[in-house]
Amino acid sequence: MADWKVENAHLLVKEGRDWRKAEVQEVVKAAFSSGEDIRRATGLRFGRVALTPSVVLFGRLPDDVHVGVAVQRGSAFIAVPSADAQGVIHDDLWHPLDVTGAQTCFGFLDRHGADRCSGITLGTYLQLKADPTSAEILVDQTEREDVLSLARVRRDFSTLEIQLFPYQQAGAEFLVTMAERGVGVLLADQMGLGKTAQAIALLLDRRAYGPSLVVCPASLMRNWCREFEQIAPSLTVTIHTGRLRAGVISGLTVYDVVVTSYDTLVADRSLLEDVSWNVVVLDEAQFIRNPETSRAECVKGLQRRMSVALTGTPVENRLLDLWSIAEFVVPALLGTRASFEEVFPDELDRAESLGQIISPVTVRRLVTEVAGDLPELIEIETAFELPEEAVRRYKHILQTSANSLAAATALRVLCAHADGRGWEPGEDAAPKVEHTMRIISQAFTEEQKVLVFASFQGTLDQLFETVKVSHPNAFLGVLDGRVPVPDRQTVIDLFTQFPGPGALLMNPQAAGVGLNITAANHVIHFNPEWNPALTSQATARAYRRKQKLPVAVHHLFYERTVEEDALVRAEWKRALASRVDDGSVPKEKGLHD
C-alpha cells in the first residue's frame with residue numbers, strides 16, 4: 001500500500017516534493033513563458049511524454065476509503081489537482097498530462113458525486129468499482145486482507161442458545177458491521193456451514209430496528225421456525241402463508257420476524273411491499289437468479305434497510321445469476337442488466353473480475369477452509385411440512401389400516417414418496433424431494449460426492465431417475481438388495497474412481513455396514529429409521545478413518561408424522577444406550593472405595 005499524504009484538497013503524493021496547486025500553476029506558467037531560464041532557476045527538468053491520469057482508490061475498507069485523480073510513476077502516485085491541469089511535478093521533473101484523460105477521470109467522479117481526495121462511503125466505493133467505464137481508468141489501492149477483517153469490533157452473541165463456531169462468529173460480526181452501514185451482504189458459505197445460524201444472530205442483534213422478513217422456499221419455512229426456536233427463542237416469529245395469513249400490515253409488524261415463501265411473496269406483493277422492513281433475508285437466493293421472474297421482481301421491490309442473500313451456489317448457470325442476486329443485495333452495484341451483459345460475458349477472466357468487484361460484500365467459506373473450526377461430523381436436521389394432498393392420504397391410511405404395524409409401514413412409504421408421488425420437477429415436487437435435489441446440486445457444483453440413504457426401493461428408483469435427468473454427466477449408482485453382495489464393492493470402486501461428482505443411492509440395511517465410501521463427504525438420510533444404530537452405521541460409511549473432509553449429514557423428515565415419531569424414538573434409544581455406557585465406566589470415586 002502506498003504511503004499516501006493528503007496535503008490539501010487538491011494534492012495527493014507518496015514521495016518527492018509536495019507541490020500545492022498554486023505552486024504547480026506558477027511553475028507551469030513560468031515554464032511555458034521562459035522555458036530554459038526556469039529550468040536553470042528551479043532545477044526542473046521537463047518530460048515530453050504526456051501521462052494518462054487514473055482514478056485512484058486508497059485507504060482502508062470500510063470506513064477510511066478515499067478517492068483522487070493521479071498519475072503513476074513507478075510506485076508513486078502524483079495527484080492531479082484539477083480537470084484543467086496541464087501537468088504534475090515529481091522528482092524535479094515536470095510531466096505533461098493527457099488533458100482528455102484528466103477530464104474523463106474528473107467527470108467519472110462527478111457522475112458518482114465523489115469529491116477528489118475525499119473520504120467516501122463503502123456504498124460509493126462499490127458503485128465506483130462496478131461502473132462499467134471504470135475498467136480503463138480505476139486503480140484500487142485500498143487495503144483489505146480479508147473481507148471478514150472489516151468486522152473489527154467483537155460482538156456479543158451470548159444471548160443465542162447455541163455457541164457459534166469461530167467462523168460463524170466472524171460471519172455474524174461481519175453481517176452486523178455491514179448492517180450498521182446499511183450495506184447488504186451475500187453470505188455464500190458452502191452448504192452445511194450454518195448460514196441460517198449466522199443470519200439469525202444478525203436478526204437478534206438488529207431486532208430493535210423493526211420487523212424483518214425471511215423469504216425461503218415453501219419447503220423450508222417450518223425448518224426456519226424450528227431454527228428460531230432453538231437458536232433465538234426470544235424472537236417473536238410468525239409464518240405468513242396459507243388461507244389464514246394476515247391481510248393487513250399490523251398483522252405482520254407486531255412480530256420480530258416474518259417467514260414467508262417466494263410464492264406467497266408474489267401473491268401478497270402489494271401487502272409486503274408496504275411494510276418498511278428492517279432486514280430482508282433470502283434463503284436459497286439462487287431462486288432469484290433469473291431476473292425476469294416474478295419472484296425476483298417482487299423481492300427487489302421490498303422496502304428494506306439491509307439485504308442478506310444466503311446461497312451456496314451464487315452462480316449456477318451464467319454470470320447473470322450473480323447480477324440478479326447482487327441487484328437485491330446492493331441495488332445498482334453492477335449497473336443495468338444491459339451494461340452488465342456487455343461488460344461481463346460468460347468468460348473466465350470476466351468471472352474473476354466480477355468476483356473482485358463483489359468481494360467487499362461477499363462472505364464465502366468452503367468446508368475445507370474452516371475445517372479446523374468444525375467438528376468432523378456436522379449433523380443437520382431439516383423439518384418439512386407434509387403437502388396438503390399427502391396429508392389427506394395420511395389421514396385416510398390412519399382411518400382404514402387394519403392394524404398399527406400396517407399403518408406405520410404405509411405411512412413411512414407415503415412420507416418417503418416410495419409410492420411414486422411428489423417427484424414432479426419444479427414447484428410440484430414434494431418439499432423433501434426438492435431439498436434433496438438442492439443438496440445434491442450444490443454438492444455437484446463443488447465437484448463433490450453424495451451418499452443418499454432411503455429405506456424403500458421405490459424411493460431409490462425415483463431418486464435415480466430424478467437425479468439422472470438433472471445431472472446426466474454425474475456418476476449415479478444404486479446399492480440395495482437387488483445388487484449381489486460380491487458386486488457391491490465394484491460399484492463403490494467405480495464411484496470412488498470417477499473423476500467428477502457423483503451420488504450413490506443406497507438402502508441402509510444393504511449398504512449400511514462393511515463398506516468404506518470416504519470418497520463422499522455429504523450424507524442424506526431421506527427418511528428416518530426406527531433403529532438409530534442403522535442410521536449411525538450408514539453415516540459411518542463416509543465418516544470414518546481416511547476421510548479427509550468434514551462430513552455433512554442431513555436428516556430429512558416431515559413434522560407431525562410417523563417420521564418425527566421415529567426420530568423421537570431413535571433419540572430415546574440413543575439416550576438409553578448412552579446411560580448404559582455411563583454405568584459401565586467406573587467412576588473415579590468408586591475406584592478408591
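The values are calculated or read from the model by the stated rules, or taken from the named source; none is laboratory data. The structure displayed is predicted, hence computed values, not measured ones. All Cβ positions, glycine included, derive from the backbone under ideal geometry; neighbour counts span all protein chains shown. Just the protein is used for accessible areas: all its heavy atoms, side chains included, with ligands, DNA and RNA removed. Shrake-Rupley method; radii C 1.70, N 1.55, O 1.52, S 1.80 Å.
Once the piece of chain linking Glu564 and Ser339 is laid out straight, how much longer is it, given 0.36 nm per residue of separation minus the C-alpha distance between them?
Answer, rounded to one decimal: 76.0 nm.
Using heavy-atom solvent-accessible surface (probe 1.4 Å) with all chains present, what is the largest-first order of Asp140, Asp480?
Asp140, Asp480
Working with all protein chains in place, sort Asp493, Asp131 by solvent-accessible area computed with a 1.4 Å probe, largest first.
The ordering from most to least exposed comes out as Asp493, Asp131.
Using 0.36 nm per residue, how much length does the chain from Ser82 to Glu347 gain when fully extended, once their Cα-Cα distance is taken away?
Extending this stretch completely gives an extra 91.7 nm.
Which percent, nearest 5, of DSSP beta bridges in the chain are antiparallel?
Taking every DSSP beta bridge with both residues in the chain, the antiparallel ones total about 25 percent.
For Cα pairs less than 8 Å apart in space and 6+ apart in sequence, what is the mean separation divided by the residue count of the chain, i.e. the relative contact order in percent?
Answer for the chain is 10 percent.
Test of understanding: extend the Cα→C-beta vector of Arg421 to 7 Å, then name every residue of the stretch 362-404 with backbone N under 15 Å from that spot.
What the label zone holds, given the 15 Å backbone N cut-off, is 386-401.
Compute the angle between helix 562-584 and the longest alpha-carbon principal axis of the chain, please, reported from 0 to 90 degrees and rounded to the nearest 10.
Between helix and principal axis, roughly 90 degrees.
Let me know the shape class of the stretch 220-377, please: from the alpha-carbon gyration tensor, a ≥ b ≥ c as square roots of the eigenvalues, rounded when a/c is under 1.5, otherwise prolate if a/b is greater than b/c, or oblate.
oblate
Show the residues, 5+ positions off or on another chain, whose built amide H is closer than 5 Å to the amide H of Ile378.
Amide H to amide H, under 5 Å and 5 or more residues apart or across chains, Ile378 pairs with Val551, Ala552, Val553.
Give me the percent of accessible area attributable to carbon and sulfur for the stretch 297-451, probe 1.4 angstrom.
51
Answer with one residue from Cys298, Ile239, Leu193: the one whose Cα lies farthest towards the positive end of the charge dipole of the stretch 161-305, charges on Cβ with Lys, Arg +1 and Asp, Glu -1.
Cys298
Which percent of the accessible heavy-atom area of the stretch 158-265 goes to carbon and sulfur, probe 1.4 angstrom?
Its accessible area is 50 percent carbon and sulfur atoms.
Once phi is turned into θ = phi - 60°, what whole-Hz ³J(HN,Hα) does the Karplus curve with 6.51, -1.76 and 1.60 give for every residue of the stretch 460-468, x standing for Gly and Pro?
4, 5, 5, 4, 4, 5, 5, 5, 4
Just to make sure I understand: if all protein chains stay in place, what is the order of Lys195, Lys395 by accessible area at 1.4 Å, largest first?
The ranking, largest first, comes out as Lys395, Lys195.
With a 1.4 Å probe and all protein chains kept in place, how much accessible area does Asp91 have, in Å² rounded to the nearest 10?
The accessible area comes out at roughly 90 Å².
Take the alpha carbon gyration tensor of the stretch 420-493, find the square roots of its eigenvalues, order them as a ≥ b ≥ c, and report rounded if a/c is under 1.5; if not, report prolate when a/b exceeds b/c, else oblate.
oblate
What residues have an amide H closer than 5 Å to that of Ala383, excluding those fewer than 5 places away on the same chain, when H is modeled at 1.01 Å from N in the peptide plane?
Asn223
Report, to the nearest 10°, how far helix 221-231 tilts away from the longest principal axis of the Cα atoms in the chain, using its own Cα long axis and a range of 0 to 90°.
80
Between Phe464 and Asn516, what's the calculated FRET efficiency when r is the beta-carbon distance and R0 is 22 Å? Round to 0.05.
Step by step, r from the Cβ atoms, then E = 0.45.
Can you work out the FRET efficiency for the pair Asp493 and Glu297, with r the C-beta to C-beta distance and R0 = 35 Å, to the nearest 0.05?
Approximately 0.10, to the nearest 0.05.
With axes computed from alpha carbons, what is the tilt in degrees of helix 195-205 against the longest principal axis of the chain, rounded to the nearest 10 within 0 to 90?
70
What residues have an amide H closer than 5 Å to that of Arg73, excluding those fewer than 5 places away on the same chain, when H is modeled at 1.01 Å from N in the peptide plane?
Long-range HN contacts for Arg73: Ile78.
In whole Hz, what ³J(HN,Hα) sequence does the stretch 375-382 give by Karplus (6.51, -1.76, 1.60; θ = phi - 60°), x for Gly and Pro?
3J(HN,Hα) across the stretch 375-382, in whole Hz: x, 5, 10, 10, 9, 10, 8, 10.
Could you pull the accessible area for Thr490 with a 1.4 Å probe, rounded to 10 Å²?
For Thr490, solvent-accessible area is about 80 Å².
With the other protein chains left in place, how much accessible area per residue, in square angstrom, belongs to the chain at a 1.4 angstrom probe?
Using a 1.4 Å probe on heavy atoms only, each residue of the chain averages 46 Å².
Indicate the gyration tensor shape class of the chain (rounded, prolate or oblate), computed on the Cα atoms with a ≥ b ≥ c the square roots of the eigenvalues: a/c under 1.5 is rounded; otherwise a/b larger than b/c is prolate and the rest oblate.
prolate
Beyond 31 Å between alpha-carbons counts as too far, so tell me which of Lys300/Lys395; Lys395/Lys449; Lys129/Lys195; Lys195/Lys449 fall in that bin.
Going by Cα-Cα distance, Lys300/Lys395; Lys395/Lys449 fall outside the 31 Å limit.
Rolling a 1.4 angstrom probe over the protein chains, ignoring ligands and nucleic acids, what is the accessible area of Ser536 in square angstrom, nearest 10?
Using a 1.4 Å probe on the heavy atoms, I get roughly 60 Å².
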